[in-house]
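First the structure, in the form of structure tokens, and then the observations on it.
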Amino acid sequence: MRRPSALAVALLLVAALGGCGSSSSDTTSSKSSAPSSTTAKPEQFPSPKGLSLNDLHQRYPAVAQLAPGAGVLTKGPTRMPFLVLDKNGKPVLGAAVALYTLRPDGSGLRGPFPATSRTFGLSPAFVSQTAQADLEATKGFYTADPVLRSTRPANMVALLRLDGRLVSTGPAPLGGKFGKTPVQVGQQAPRVHTQTLTDVGGNAKAIDTRVPPATDMLKDDLYDVLGKKPVVLIFATPQLCQSRVCGPVVDVAEQVKSETKADVSFIHNEVYVDNNPSKGLRPQLPAYGLETEPWIFIIDRSGKVVQRFEGAVGVDELKAAVAKIS
């Protein structure tokens, strides 16, 4: 079985602690139909020029934890979803936050990369039974786009405004070691078969662990539609997810599908063979170079990947991506 990510461990901690509190003035809910997203400003944070990690921590005390929600890196801007946890392990939501990247030895500090505070933006009608507990534990998250010079694993740290002062987090891993490289933006999406309701005799539970199953995302075989119409391909396992965000992400896709008038195929592919982690990954995941979950690939009418999301994603983000291929 794959090793849990830092975010998976953090979310298990959040769930154990109740996950409902926050050290900030958060009043948002992931079940709101009006998603909240606020982006910090670069001028709110200091230049890292001439600073080491030790210098940063001396000026801005490390009083929080940083939990990364993605492991795959690309040169240039890399979308990074993450959580900030206070000293009690509770999520800090709605704060002004920026990421900095650095070498494992604490040198080479670069940034600031302003973060956006987000909610999943789900309307109550699209919140599944499977995702309810996860949404209570994780009412929101942050995303930033650090500009990377290398895809080698390194470290990152965050600065945030908490209780009227600028403080920091401890360092957290930036990127992980993987055996394969996921299909990248600009590449052709692999043409593989995905199971449909017809393949399992209408037994949706065999190919969808969401409760209730999102049957409208189990109708198309990717092999048949790829290169003929735009596709939103979701790799996620709501019931067995290590990162605790698969359920919300599938709900997000279900809501965006309902709000998309154009002819776009939404396809949900489960992660484990027979929905059993001990049996390994379904063959579609290695075909796309995946070792983690969840992932969403936005594929245009020609079959080319134009955008991809690893980890948590909100309704507003996915809707904007789908609009580009509609």
From Asp208, Asp216, Asp163, grab the single residue that is at negative phi, acidic (Asp, Glu) and touching a Ser or Thr at 6+ places or on another chain (Cβ under 8 Å). Asp208
Please determine whether any residue of the range 192-208 is among the acidic types (Asp, Glu), buried (at least 18 other Cβ atoms within 10 Å of the Cβ) and outside any strand (DSSP E or B). yes
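When you scan the range 170-191, how many residues do you find that are assigned to a strand (DSSP E or B) and free of Cβ contacts under 8 Å to residues at least 40 places away in the same chain?
Step one: filter the range 170-191 for residues assigned to a strand (DSSP E or B), giving 172-174, 188.
If we keep only those that are free of Cβ contacts under 8 Å to residues at least 40 places away in the same chain as well, we get none.
So the count comes out to 0.
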Looking at this structure, is Asp220 part of a loop (DSSP other than H, G, I, E, B), surrounded by fewer than 22 Cβ atoms within 10 Å (Cβ to Cβ) and acidic (Asp, Glu)? yes
Conditions (1) of a type outside the set (Gly, Ala, Ser); (2) out of contact with any helix residue (DSSP H, G or I) (no Cβ under 9 Å at 6 or more places or on another chain); (3) not in a strand (DSSP E or B); number of the one not met by Val167: (3)
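Listed here are the residues, each with its yes/no results for (1) modelled with pLDDT under 95; (2) more than 20 Å from Lys304 (Cα to Cα); (3) touching a Lys or Arg at 6+ places or on another chain (Cβ under 9 Å).
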site	(1), (2), (3)
Ala206	no, yes, no
Asp224	no, no, no
Val232	no, no, yes
Val250	no, yes, yes
Ala253	no, no, no
Glu259	no, yes, yes
Number of positions in the range 91-108 that are crowded, with 22+ Cβ neighbours inside 10 Å and part of a loop (DSSP other than H, G, I, E, B): 3
Go through (1) among the β-branched types (Val, Ile, Thr); (2) more than 20 Å from Trp295 (Cβ to Cβ); (3) surrounded by fewer than 16 Cβ atoms within 10 Å (Cβ to Cβ) and name the single condition Val84 misses. (3)
Return the residues of the range 283-296 that are of a type outside the set (A, V, I, L, M) and surrounded by fewer than 22 Cβ atoms within 10 Å (Cβ to Cβ); say none if nothing qualifies. Pro283, Gln284, Pro286, Tyr288, Gly289, Glu291
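Could you please give the count of residues in the range 208-233 that are of a type in the set (A, V, I, L, M) and touching a Pro at 6+ places or on another chain (Cβ under 8 Å)?
Residues of the range 208-233 that are of a type in the set (A, V, I, L, M), as a first pass: 211, 214, 217-218, 222, 225-226, 231-233.
Still in the list and also touching a Pro at 6+ places or on another chain (Cβ under 8 Å): 211.
Residues that pass the stated criteria total 1.
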How do the pairs read when you match residues in the range 98-121 that are farther than 12 Å from Thr143 by Cα and outside the structural domain of Met80 (by TED's automatic domain parsing) with residues anywhere that are among the basic types (Lys, Arg) and outside any strand (DSSP E or B), using Cβ under 8 Å and keeping only pairs 6 or more apart or on different chains? none
Checking Phe82 against (1) within 28 Å of Val183 (Cα to Cα); (2) at pLDDT 95 or above; (3) assigned to a loop (DSSP other than H, G, I, E, B), which single condition isn't satisfied? (3)
For Asp134, indicate whether it is of a type in the set (D, E, K, R) and assigned to a loop (DSSP other than H, G, I, E, B). no
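The values are calculated or read from the model by the stated rules, or taken from the named source; none is laboratory data. Since this is a predicted model, take the numbers as computed values, not measurements. Backbone-built Cβ (ideal geometry, glycine too); neighbour counts: all protein chains shown.
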